[in-house]
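Q: One structure, pasted below without further comment.
The values are calculated or read from the model by the stated rules, or taken from the named source; none is laboratory data. On a predicted model such as this, the values are computed, not experimentally measured, just so you know. Virtual Cβ from ideal backbone geometry, glycine too; neighbours counted across all protein chains shown.
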Amino acid sequence: MRKFFKITNRVILILLVVLLAQFAYNEYRVNQLDRPYESEHLKPEDKASLREVFKLKENFGNNIWPGFSQQELPVILFNDRYEFLSGSSQSPEGWELIKNDMLMGEHYYRRTADNPQAFAVQTDVGWAGSMSSLSYLNRDILLTIRDQLPVPLNRLMPSQMMVRSNDFHVVSIIHEMFHAYQARNYPEKFGRGLAQANITEEYPYEKQRLNELFTQEGNYLVKALNAEDREEKLKWVRKFVYTRNRRRKEMHIEKINYEKFTEWLEGLAKYTEIKAYEVAHKQTEKLAFDYEEGLPHWETEWNNLEELGSVGGSSRFYLSGMVQYRLLDQLSDDWKQQIMNRGIFPETLLKKMVR
């Protein structure tokens, strides 16, 4: 018995040491990241991300989305003080040419940041994808998670699991570039998608019955995605369509349109983000960063697909749209040409398959 208590005490001591070490490391990382970022130039890690983005787009972009390689899509990266624009063959008005620094042998541009957002931004040289710098991104991720988790878990959860590296930064930039692609090539549908944004405040996120049905929809989509043969996939698609129709009978048309356009606008960009990572993984030897197998950065989102009705805000439609597009990859060869047409959404194409 004495030996048992001795071993137990040692285990407890080791656990305490590990927890204290993790706590100290977390506080160190927060102190590193929780500060303003006001550099007047792109930082080396951001230049590395941009070099990879343009290489991935130019060489393998058509594997991500048809025609993506050929489209000039400038990129804006922002910190707390500045926005930096690169990848444009023209000089944008309202932007300062940075003469004492270059990216990939080319000059880039700067302007003072005024509430910058991660999305598509219209500039004098057309729509550009806008994304935060890597340090800014990691600060937001780490501090948001610390705010959301209860004490003391928010101080002990391994911060190394939360902080993102360049591989994630690259595909996050491509996500926003795809929004610029949508805006440049399909302005009417993009504009209607933007116009739906004000509905988010009125959306019935709190209605338990609707959330339960939405969770069922997510489960059916996951089962269809994981099914081994086409007939079984279509069986689950039918259940998804039936459940979605049931839920929609209790909703106003403008809330339904909000869902559809958000699944087109954001679900498609989320699909492209993950697809870009998969394409990069297959080409890792030709790229600068390591892209791991198994999509490690999206484990939480895959888990959330099982409980879609409990996912807060519009994030649920990022996921429900994304998984429908991945399912369409398995069921259709030409869905990417159809999905950009007016009045066509992922559910439209899935419904046609099970009529």
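Q: Identify all residues within the stretch 88-117 that are touching a residue at least 24 places away in the same chain (Cβ under 8 Å) and of a type in the set (D, E, K, R); write none if there are none.
A: E93, D101, R110, R111
Q: Please work out if Q32 is at pLDDT below 95 and not in a helix (DSSP H, G or I).
A: no
Q: Can you tell me which residues in the stretch 97-118 are closer than 23 Å to E52 by Cα and of a type in the set (V, I, T)?
A: I98, the sole residue that qualifies.
Q: Would you please list the contacts, defined by Cβ atoms under 6 Å and residues six or more apart or on different chains, that run from a residue in the stretch 246-268 that is on the phi > 0 side of the Ramachandran plot to a residue that is of a type in the set (V, I, T) and outside any helix (DSSP H, G or I)?
A: The qualifying pairs do not exist here.
Q: Looking only at helices (runs of 4 or more DSSP H) that fall completely inside the stretch 315-355, which ones have 2 or more residues that are small (G, A, S) and at pLDDT 95 or above?
A: 315-331
Let's see how each residue does on (1) within 20 Å of V171 (Cα to Cα); (2) of a type in the set (F, W, Y); (3) surrounded by fewer than 18 Cβ atoms within 10 Å (Cβ to Cβ):
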site	(1), (2), (3)
W264	yes, yes, no
T272	yes, no, no
F317	yes, yes, no
Q337	no, no, yes
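Q: Then there's this: Select from the stretch 68-77 the residues that are surrounded by fewer than 17 Cβ atoms within 10 Å (Cβ to Cβ) and in contact (Cβ under 8 Å) with a residue 12 or more places away in the chain and write down the one among them that is farthest from G126 (Cα to Cα).
A: Restricting to residues being surrounded by fewer than 17 Cβ atoms within 10 Å (Cβ to Cβ) and in contact (Cβ under 8 Å) with a residue 12 or more places away in the chain, the top hit is S69.
Q: Would it be correct to say that L328 is over 30 Å from P187 (Cβ atoms) and either surrounded by 15 or more Cβ atoms within 10 Å (Cβ to Cβ) or in contact with a helix residue (DSSP H, G or I) (Cβ under 7 Å, 6 or more places away or on another chain) (or both)?
A: It is false that L328 is over 30 Å from P187 (Cβ atoms) and either surrounded by 15 or more Cβ atoms within 10 Å (Cβ to Cβ) or in contact with a helix residue (DSSP H, G or I) (Cβ under 7 Å, 6 or more places away or on another chain) (or both).
Q: Next question. Out of the stretch 125-159, which residues are touching a Phe, Trp or Tyr at 6+ places or on another chain (Cβ under 8 Å), modelled with pLDDT of 70 or more and either more than 20 Å from K270 (Cα to Cα) or not in a strand (DSSP E or B) (or both)?
A: Hits for the stretch 125-159 are S133, S135, Y136, R139.
Q: Moving on. Has the stretch 282-300 got any residue that is among the aliphatic types (A, V, I, L, M), free of Cβ contacts under 8 Å to residues at least 24 places away in the same chain and assigned to a helix (DSSP H, G or I)?
A: The answer is no; no qualifying residue exists.
Q: Okay, next question. Within the stretch 73-102, which residues are under 25 Å from the mean Cα position of the chain (by Cα) and part of a strand (DSSP E or B)?
A: Scanning the stretch 73-102 gives V75, I76, L77, F78, Y82, E83, F84, L85, S86.
Q: Being within 21 Å of the chain's Cα centre (by Cα), aliphatic (A, V, I, L, M) and either closer than 20 Å to L56 by Cα or at pLDDT 95 or above (or both) is the requirement here; does L295 meet it?
A: yes
Q: Out of the residues in the stretch 43-71 meeting the condition of being part of a loop (DSSP other than H, G, I, E, B) and not aromatic (F, W, Y), tell me which one is farthest from Y181 (Cα to Cα).
A: The extreme case among them is K43.
Q: Which of the residues that make up the stretch 301-314 are free of Cβ contacts under 8 Å to residues at least 60 places away in the same chain and surrounded by fewer than 12 Cβ atoms within 10 Å (Cβ to Cβ)?
A: N303
Q: What is the residue count in the stretch 78-107 for residues that are exposed (fewer than 11 other Cβ atoms within 10 Å of the Cβ) and among the basic types (K, R)?
A: Qualifying residue count for the region: 1.
Q: For the stretch 160-198, enumerate the residues that are in a loop (DSSP other than H, G, I, E, B) and either surrounded by fewer than 16 Cβ atoms within 10 Å (Cβ to Cβ) or not aromatic (F, W, Y) (or both).
A: Residues satisfying the conditions are M162, V163, R164, S165.
Q: Considering only residues of the stretch 206-224 that are surrounded by fewer than 17 Cβ atoms within 10 Å (Cβ to Cβ) and within 16 Å of S320 (Cα to Cα), which is farthest from the chain's Cα centre (by Cα)?
A: Top of the filtered list is E212.
Q: Criterion first (over 21 Å from N166 (Cα atoms) and either loosely packed, with under 14 Cβ neighbours inside 10 Å or modelled with pLDDT of 95 or more (or both)) does I64 satisfy it?
A: Here the answer is no, as I64 does not meet what is asked.
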